[in-house]
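For reference, the structure is listed below as structure tokens.
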Amino acid sequence: MDIKNICILGAGNLGTRIALQAALSGFDVVVYDIEQKALDFSLTTMQKILSHLHRAGQIREDIDASFPAKIRFTLDPQEAVRDADVISESVTEDLEVKKKVWRQFGAIAPEKTIFTTNTSYLLASMFAEESGRQEKFCAFHFHDVFYSRVVDIMPHSDTDPGIIPILEDLGRKLNQVPIILKKENPGYLFNTLLLALLGAAAKLLNREVASFQDIDRAWMVNFHMPMGPFGIMDSVGLDTAWHIISALPDRHSQAFAALLKTYLDKGKLGEKAGEGFYSYPNPEFKKPEFIM
Ligand SMILES: NC(=O)c1ccc[n+]([C@@H]2O[C@H](COP(=O)([O-])OP(=O)(O)OC[C@H]3O[C@@H](n4cnc5c(N)ncnc54)[C@H](O)[C@@H]3O)[C@@H](O)[C@H]2O)c1
């Protein structure tokens, strides 16, 4: 199957990045969201990412901030999916939202379309059936797209094995390193490891063992890392982090979810909102003196 057209559902943090990378890789891309302000945010974010990539010398000179104009943005579901060879879904990490979206798009997508979800901790098998075509459905999970380039390909028990090599090839064309899982696992590989780190950091903060800055500092200095667990949560988005952590039943996760909720209630959603644990665009952990 020759993939040409990619439809992105959800113009947030990740949908934006996947869409931009897909367009840079030569695919025709349509980005769909239910909110105009999300589409506006997506366009502005793409321009910012392009200027970062330029500064880092990771992008061709002739691709400038006007490039996202080649990407179509729409609030119309029919238009979004009309020619889609692949749907990459990055809507809010909430089971009911995912179910609703897949009922909607399963009913209107062309026969040829491969369905993929970018869910971080849910399993595709929890909502693939809603699409009415679970054999065409597979988790295709990105991390940060530009700097963290693993893409997990995680079939569920009804996934047609024939779509795995298509997604593997697509992953490579999107400049990712595809990793195929043998079975479903919440959090794939990397996120399972990451959640253990974030959980330990949250527990230290909840127990008031140290400030979030010192917890980050300990990790950054010893492992030569550009950010620590709380910086990571800011970059993921505290709302996405809250969705994941609040679904975990243990006492420490629930206590940390309650703390995160106080940030969300103040509009502190992390880097994308300009404030989370740190303030952006110049968070203190990026200053040289932070790790002195
Ligand atoms: N943030 C990360 O670092 C990260 C990494 C990998 C995977 N993911 C996964 O990607 C998905 C999106 O995460 P995000 O951080 O981009 O979230 P986000 O909150 O930044 O964006 C979600 C978008 O979905 C839109 N949306 C909500 N309901 C919708 C609907 N019915 N139809 C269409 N759009 C709808 C929202 O308007 C919003 O723009 C989640 O499943 C998350 O687990 C996130």
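The values are calculated or read from the model by the stated rules, or taken from the named source; none is laboratory data. Computed from a predicted structure; not experimentally measured. Counting neighbours? That spans all protein chains shown, and the Cβs are built from the backbone with ideal geometry, glycine included. Areas reflect the complete protein model, heavy atoms only, side chains present, ligands, DNA and RNA absent. Shrake-Rupley method; radii C 1.70, N 1.55, O 1.52, S 1.80 Å.
List of remarks:
- Note on the chain: dipole from Cβ charges, positive end direction compared against Asn206, Ile166, Pro68; the farthest Cα belongs to Asn206.
- Probe 1.4 Å, all protein chains present, accessible-area order of Lys272, Lys286, largest first: Lys286, Lys272
- Calculated mean residue ellipticity at 222 nm for the chain: -13000 deg cm²/dmol, from DSSP H runs with n ≥ 4 weighted as -39500 (n - 2.57), summed, divided by the residue count and rounded to 500.
- Reachable lysines from Lys99, criterion Cα separation under 20 angstrom, eight or more residues apart if same chain: Lys136
- Trypsin sites (Lys or Arg not before Pro) restricted to DSSP loop in the range 201-254 with at most 12 other C-beta within 10 Å: Arg207
- Whole-Hz Karplus values for the range 62-72 come out as 6, 8, 10, 5, 7, 3, x, 4, 6, 8, 8 Hz, taken residue by residue from phi with 6.51 cos²θ - 1.76 cosθ + 1.60 and θ = phi - 60°; glycine and proline positions read x.
- Close Lys pairs in the range 192-291 (alpha-carbon distance under 24 Å; sequence gap of 8 or more, or different chains): 10.
- Accessible surface of the chain, 1.4 Å probe, proportion on carbon and sulfur as whole %: 55 percent
- With Cα atoms, 0 to 90° folded angle of helix 163-173 axis to the chain main axis: 60 degrees
- Each of the peptides 237-243, 42-48 was scored by the mean count of other Cβ atoms within 10 Å over its residues; in descending order, highest first, they stand as 237-243, 42-48.
- Shape call, the range 203-292: gyration tensor on alpha carbons, a/c limit 1.5: oblate
- Contact order, relative form, for the range 192-291: 26 percent (alpha carbon pairs under 8 Å, 6 or more residues apart, mean separation divided by residue count).
- For Ser253, the solvent-accessible surface computed with a 1.4 Å probe is close to 20 Å², ligands and nucleic acids excluded.
- Under 5 Å, built H, 5+ apart or other chain: amide partners of Ile114: Val86, Ile87
- Remark: the range 5-180 carries 43 Å² of accessible area per residue (probe radius 1.4 Å; ligands, DNA and RNA excluded).
- Arg133, Arg149, ranked by accessible area, largest first (probe 1.4 Å): Arg149, Arg133
- When Glu275, Glu184 are compared by accessible area at a 1.4 angstrom probe, the order from most to least is Glu275, Glu184.
- Nearest 10 degrees, 0 to 90: helix 36-55 Cα axis against the chain principal axis: 70 degrees
- Derived scalar couplings ³J(HN,Hα) [the range 93-109; Karplus, 6.51 cos²θ - 1.76 cosθ + 1.60; whole Hz; x for Gly, Pro]: 6, 8, 4, 5, 5, 4, 4, 4, 4, 6, 4, 5, 7, x, 7, 10, 6
- Rel. contact order, % - alpha carbon contacts under 8 angstrom, at least six apart, the chain: 13 percent
- Degrees between helix 212-223 axis and first principal axis of the chain (Cα, 0 to 90, nearest 10): 80 degrees
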